[in-house]
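Notes to accompany the following structure.
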Amino acid sequence: MSSQHRQKCSYGGECKLIENDSCHANDFEHPDFCRDGGRCENMNYEHLKAYRHVPLCQYRRQCLDYNRGTVDHCRNFRHCLSMCRFGHFCVKFHDEKHLSQENHPFHPPCPLTPFHCRQYNSLCDTKNIRTLSIEVQNHCLQYSHVCRYGRQCYETADIHWKNTIHVARNICLKNDACTEIDQENHLNSFSHPGIADIRRFCPYPGHECRDRRKLEHIKQYRHHGNHDRSGVISCFGQNKTINFVENQERIVQAIKKYAKSLNSRDTLSIPLEIQKWIKGLQPIHRCSKVIFESILVHGHVMSREHMEHLKNPSFVAQAVQEHKRVRAIFDRYKTPAIEDYAKEYIRAIVFLEYSKKHGTTAITGAATGDLLMPVTHDDYGDTIRKKERMFQSLMKLEEVETIKKCAIDIAEASWNLHSSPSGIGYSNDKELGTDKHVFSVLGPHLGHYYGDIFLVFKSEVMFHPDANFSPQAATSFLSGRTFTNRPWVQDPGARSAKIKCFHESKLHCAIPGYEYAAAAELIAVSGLQKKTMDIDLKTILNYWTKADSHQVFEAHLPRLVPLDYIEEVYIPKNLFASLTSAAQESATKVFRDTLHITDHKINLTDTGGGVSPLSDKSRSEYQDFVIGILMKKIEKRKEHAKHFRGFVLTLAPNQFTDHIVLPLTINDAHNQYLRIHKQSSNSNVVYIYWETMYGDMMVTLSDEPIIPDEKQPHIRCLVCYIAEKPSMTTTSYNESYSYLNAGEPYRHGIIKTNGQCSSSSRSFHRGCNMEEFSMYCLKIDKQTGQVILSHAGPNSIYCYETIACKFSKISLDLNKLQYVHVSAGSHKVPIRDLIISFEEISDLHPSFDMKFKRGDDPFPRSKKSYDYDRSTSSKIPYTTLSTKYKTSSSTDDVFDYDVDDKNLDPCPYSINCVLQESLKHMKEYSHPCPYSELCRSKDKEPHLTHEPHRVEQCSLKSSCQKLDDPLHRVKYRHPGYPDFLIPCRDGLNCHNKTFDHRTKYSHGEKIETSEFMSYDTSHKPSSKYHPEYRDTEYTHVKTSDQRTPCRYGSNCYVQNNSDHCSEYSHPCEYKSKHSTSSSVKRTPCRYGNNCWDKNSYQHCLEYSHPDDE
């Protein structure tokens, strides 16, 4: 026996053969066992290689023997946790199960991170940490918090990386050119250069900050106190009998048929520009001075029917309670007792005022119409005085005065309005049902006969469940004018049939595709005189400005719209001056900067009657001025406005007694989806998205509409309850149940008490941003019975908590659920973008960058400009190869080399040539095109060859983890990526280790392509010497593989797993590399096929083996 030392096994403590192969154990030296035995918790690779270890228990921390402390078992098995593969960049830091199963390199996370930890926010804002309290410093050292900068963090201190979690958001594709920086959802979903992922809090609340709309301010700060201050627009189910999906289809088909009748070759073509213009329209209401003053007092724009109810003092008292200033006082205290006392106080004041006007003590009841018991003025006065005495210790004196003044003013205005109603009223309105709506025009309003005051509503009013619009005025259906103006709709003759025709013409802005049907109507009516469908937006605008307001879109708004839904008011100077001083003061206070008092002086005595166009010059000039402004605004909104794409409403608090049903069933939405996506006809998954603030709300699905005052013994419901968002002012996290349950929503009180439901969570909002609207996704798989409630939008990046439950068809048949209801609990709930979809909406599910690692470039340069990384001369045209990396890019500007490819010799260095962009070199030699025969610019690239690349597509396609391996890229194709990498000018000296850079450039590897290419004989590589290489330090070097050799070698059964192969190498890879590198001379290994180091890459670089070939 030789006395020479045994060679150390390259696998060290990770060696698999030591227990099973005695020859290997004798031939190679292996380390000793770790002295900690089963107690060892160190899973570091270096430690595992330096020492041998007892095996891991398959049950880890869930092992009963481990938890019992069984000595023998704990000595012979380890129970340590593996390291999370995302390490510092793990996004599941609030997932308790994940934290218990895997180790992380940071401290336990703070329950209020990433948005609401006050201590960490103080740390971020301070310039001197030592000035912070010991409590704050200790908290930030003991708990981890999400780093505000995410992927942009350049901090290198170990203490920072131990105390922070880095969530690498995906990069905004537009980078510095982003046009959505002013939109919070976008800023909170993607990373932008120079903007922290989690911006600092502005010193001022959102509603008080004057700079909130300024772009530079938005880039630096987010705001607290972003409470939605929209008033409640009550829902009365005014659209419950309208099928808007069928209406759309009926309108489009009728106009298609009409288009064919004009010309057999004519088809309905809707320009996108017209559809965008329609989506930019806002409802506009015009009114007189008297109506405007009444609106200011009531705090609402009212329907004709609502005005008629003003004769009833109980109805007026209810209106006072809903006034914005009164509601603000109720919301401030949130005390049921105070609210009840205030309602009695308001009722007494209103009844007292009405009894004075009525001249008698008998007042009509609100609900029944019966006479109430006679009450004297003294009785009302007594009630008022008692409540005022109680209020002395319950609320401020000025708040009591506000309530009293509102009650008196509204009672006075209501009596006057009821006694002498103003405005245009038609007897037909009641028959048509339009008296229950607020009239307006969806778009520029030229109906001067309604008044000279323009009220421009926010577009979101049109997304309310009770809103709708018709192609022309409702009254034109009964008069028959619409059938003359719209010959594609046949006059049914009978009055009832005409009313039905009106309802079948209604469209709703929350139903996808409404703009297409509306555009079809506009195109057809604009081209009626010339009998053509070839209409552009300019022609439509010309028609609109000349047509009577009854011949354009008539919008029907909910019956009572609060003033905070008015975006702008336009009024002439002298008309404003004629208002009462109280009205002027109120208008200035309520509308502030949105009140536009123009310099026009109009004729206040001339109303113009019902004549159109307007004859009075002063009023005409004023109208043209306002319409011009509105047209420009629509044009701007058409291109830049963020449009809603679902129902929008604000629910009044009702303790879940009222359930608002949407005017769109799941079945109708599905039918519409199948018309557009016929290939998805087998879809059994429903996605319901919505955004809301505050929580304490329900979305209820049922097989029939919920009717509170009827018995429904057979109704089946799925209740999705979103708990009220927890308080962020405490250091501990405490949240109520959010849940899913099969049963009626009226069981909510019982479930909150005992927690018994189908599935629930008390940490559903952990990690969410409570200062903004939160988006949710309810996924319903009808086939499997699986229902999952999860977060969507920006919160889905940080919050992965879901509530899931699987229902059998016996317990709840999901296929029968058709109606969607929403309801609120103890406070008002704003809801927006409530959508029913049948496929996942990708932009509502932002994610994080799974490939980002510490040290990576936070913003890898785009594919358009990557060629600057390797430019060798400022004179070289940079479009030669960079434009080819975008397969759909234009090639019109590609550099003209003025060469004939037949005269070019193939460069002997092929794709490894570093002079591919040298002008002189390219005029003499050709190189393989990175896109081979798939290139779309062959005719404009005479300096490149396009031989067929005969390889298979990689099974992992674009998700492959070896996109940065030049050899792998040559052997397999990947969709969206070129076949070959281009040599980086820095070669092995390149310091850019980012994955994005490495997927574009090779770094000194010599890659042979001959065996994968079908070369034409005329393009065989030349042996011609390249003098240019004298001036370069270019050499073909060996590949430096930083991966760990897999301990299972060729027997590894997961060699095709990309995640595994990104960390571990295998012998078959080396064989293929060395077999293609004939220029590399290696020494035959003396152990031949019996060599134990064939799995060592460094060994195989120097020694060859018989089975390499």
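The single condition from (1) of a type outside the set (Gly, Ala, Ser); (2) in a helix (DSSP H, G or I); (3) surrounded by fewer than 16 Cβ atoms within 10 Å (Cβ to Cβ); (4) at pLDDT below 85 that residue 416 fails is (3).
Specify the residue that is nearest to the chain's Cα centre (by Cα); the eligible residues are those in the stretch 838-875 that are at pLDDT below 50 and among the aromatic types (Phe, Trp, Tyr). Among those residues, the one meeting the criterion is 866. Being touching a helix residue (DSSP H, G or I) at 6+ places or on another chain (Cβ under 9 Å) and small (Gly, Ala, Ser): is that true of residue 652 here? It is false that residue 652 is touching a helix residue (DSSP H, G or I) at 6+ places or on another chain (Cβ under 9 Å) and small (Gly, Ala, Ser).
Residue count for the stretch 207-232, restricted to those that are free of Cβ contacts under 8 Å to residues at least 60 places away in the same chain and of a type outside the set (Ser, Thr, Tyr): 14. Here is a list of conditions, (1) at pLDDT 90 or above; (2) among the acidic types (Asp, Glu); (3) more than 18 Å from residue 292 (Cα to Cα), and residue 452 meets all of them except one; can you say which number that is? Condition (3) is where residue 452 drops out. When 33, 28 are screened for being of a type in the set (Phe, Trp, Tyr) and over 27 Å from residue 101 (Cα atoms), only 28 passes.
Here residue 155 meets each of (1) surrounded by fewer than 16 Cβ atoms within 10 Å (Cβ to Cβ); (2) modelled with pLDDT of 95 or more with one exception, condition (2). Tallying residues that are in contact with a Leu (Cβ under 6 Å, 6 or more places away or on another chain) and touching a residue at least 40 places away in the same chain (Cβ under 8 Å) within the stretch 70-106 yields 2. Total residues in the stretch 960-987 satisfying the condition of being out of contact with any strand residue (DSSP E or B) (no Cβ under 6 Å at 6 or more places or on another chain), farther than 24 Å from residue 936 by Cβ and in contact (Cβ under 8 Å) with a residue 24 or more places away in the chain: the figure is 7.
Regarding the stretch 591-598, can at least one residue be identified that is polar (S, T, N, Q), touching a helix residue (DSSP H, G or I) at 6+ places or on another chain (Cβ under 9 Å) and either at pLDDT below 95 or not assigned by TED's automatic domain parsing to the domain that holds residue 628 (or both)? Walk me through how you get there before you give the answer.
Just the residues of the stretch 591-598 that are polar (S, T, N, Q), to begin with: 594, 598.
Within this subset, residues satisfying the condition of being touching a helix residue (DSSP H, G or I) at 6+ places or on another chain (Cβ under 9 Å) are 598.
Filter once more, so that each one left must be either at pLDDT below 95 or not assigned by TED's automatic domain parsing to the domain that holds residue 628 (or both): none.
No: zero hits.
What number of residues within the stretch 340-355 are out of contact with any Lys or Arg (no Cβ under 7 Å at 6 or more places or on another chain) and either at pLDDT 90 or above or not charged (D, E, K, R) (or both)?
As a first pass, look at the stretch 340-355 and keep what is out of contact with any Lys or Arg (no Cβ under 7 Å at 6 or more places or on another chain): 340, 342-343, 346-348, 350-355.
Then keep just the ones that are either at pLDDT 90 or above or not charged (D, E, K, R) (or both); that gives 340, 342-343, 346-348, 350-352, 354-355.
Qualifying residue count for the region: 11.
No other residue among 578, 586, 549 is touching a His at 6+ places or on another chain (Cβ under 8 Å), assigned by TED's automatic domain parsing to the domain that holds residue 471 and of a type in the set (S, T, N, Q) apart from 549. For the stretch 7-41, the set of residues classified as free of Cβ contacts under 8 Å to residues at least 24 places away in the same chain and part of a helix (DSSP H, G or I) consists of 22, 23, 25, 26, listed by residue number. Within the stretch 107-133, residues that are not assigned by TED's automatic domain parsing to the domain that holds residue 733 and surrounded by 18 or more Cβ atoms within 10 Å (Cβ to Cβ) sit with their Cβ atoms under 8 Å from residues that are of a type in the set (Asp, Glu) and outside any helix (DSSP H, G or I), at 6+ positions apart or across chains, in these pairs: 115/771.
Going residue by residue through the stretch 487-503, is there one that turns out to be within 30 Å of residue 689 (Cα to Cα) and touching a helix residue (DSSP H, G or I) at 6+ places or on another chain (Cβ under 6 Å)?
There is no residue in the stretch 487-503 that is within 30 Å of residue 689 (Cα to Cα) and touching a helix residue (DSSP H, G or I) at 6+ places or on another chain (Cβ under 6 Å).
Of the helices (runs of 4 or more DSSP H) entirely within the stretch 61-170, those holding at least 2 residues that are within 20 Å of residue 198 (Cβ to Cβ) occupy 118-125, 134-142, 158-163.
The values are calculated or read from the model by the stated rules, or taken from the named source; none is laboratory data. Please read all numbers here as calculations on a predicted model, not as lab measurements. Cβ: placed from backbone, ideal geometry, glycine included. Neighbour counts: every protein chain shown.
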